[in-house]
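The values are calculated or read from the model by the stated rules, or taken from the named source; none is laboratory data. Everything numeric here is computed off the predicted structure, so don't read it as measured data. Please note: Cβ atoms are built from the backbone with ideal geometry, for glycine as well, and neighbour counts cover all protein chains shown.
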Amino acid sequence: MREARGSAAVELALVLPLALMIALALVQVGLIGRDALVVLGAAREGVREAAVSLDEARIREAALRGGGGLAPKRTEVTVERSGQVGDPVTVRVAYRAPLIVPFVEWLFPAEVNVVTEATMRQETIGASP
C-alpha cells in the first residue's frame, strides 16, 4: 500500500507540469479568440461611422471605441471606399495581440496579428481613392 502512494505521487509530479502547460495554452488561445471578437466589433463600429462620415480621424476613433480595450498603438485602421453613395465602404482593423499568459511563449509567436474587415453601403459621397 505504501508503494502505491509513492508511485501516485511520482505520477502526479510527472503529469502535473504538462497538464498546467496545456491549461495555460488553452487560456492564451481563449484570450486570442476574445481579441478576435473585439477586433470584429471595432471593424463594425468603424464601418458604421465610415458609412456616414468622411473624416478618417472620426472613423479611427469610432473603431477604437467599438473595440473596447484595444491599445491604439497596436491597432491599425484603414478605410477603402469608392466615391458614390450606395457603393460599399470597407473598414479593415488590424491588431497585434500580445501574449499575456506566462510560460507559453515557446508555443506562440511574440505577437499574434488579428485582422478583420467589415463592409457597408456608404450614405455620404466620398472622395476618390
If you check LEU26, LEU40, which single one turns out to be in contact (Cβ under 8 Å) with a residue 60 or more places away in the chain and in a helix (DSSP H, G or I)? LEU40
Pull out all pairs, ordered by first then second residue, where Cβ-Cβ is under 6 Å, the residues are six or more apart or on different chains, the first lies in region 63-88 and is without any contact (Cβ under 8 Å) to a residue 24 or more places away in the chain, and the second is among the small types (Gly, Ala, Ser) and in a strand (DSSP E or B). GLU76/ALA94
Given the conditions (1) farther than 23 Å from ARG121 by Cβ; (2) surrounded by 15 or more Cβ atoms within 10 Å (Cβ to Cβ), every one holds for ALA50 apart from (1)
In region 71-87, the residues that are under 30 Å from ALA23 (Cβ atoms) and surrounded by 13 or more Cβ atoms within 10 Å (Cβ to Cβ): ARG74, THR75
With the checklist (1) at pLDDT below 90; (2) β-branched (Val, Ile, Thr); (3) surrounded by 16 or more Cβ atoms within 10 Å (Cβ to Cβ) in hand, flag the one item THR90 doesn't pass. (1)
Which members of region 112-123 meet the condition of being surrounded by 13 or more Cβ atoms within 10 Å (Cβ to Cβ) and either more than 17 Å from ALA62 (Cβ to Cβ) or modelled with pLDDT under 70 (or both)? VAL112, VAL114, VAL115
Residues of region 72-104 classified as in a loop (DSSP other than H, G, I, E, B) and under 18 Å from the mean Cα position of the chain (by Cα), total: 3
Pick from region 54-70 the residues that are under 12 Å from the mean Cα position of the chain (by Cα) and farther than 15 Å from THR116 by Cα: which of them is surrounded by the fewest Cβ atoms within 10 Å (Cβ to Cβ)? GLY69
Where residues in region 93-111 are among the aromatic types (Phe, Trp, Tyr) and under 22 Å from LEU40 (Cβ atoms), which of them is surrounded by the most Cβ atoms within 10 Å (Cβ to Cβ)? TYR95
Confirm whether VAL114 is within 30 Å of ILE22 (Cα to Cα), part of a strand (DSSP E or B) and among the β-branched types (Val, Ile, Thr). yes
So, in region 1-25, how many residues would count as being modelled with pLDDT under 80 and under 29 Å from PHE108 (Cβ atoms)? 0
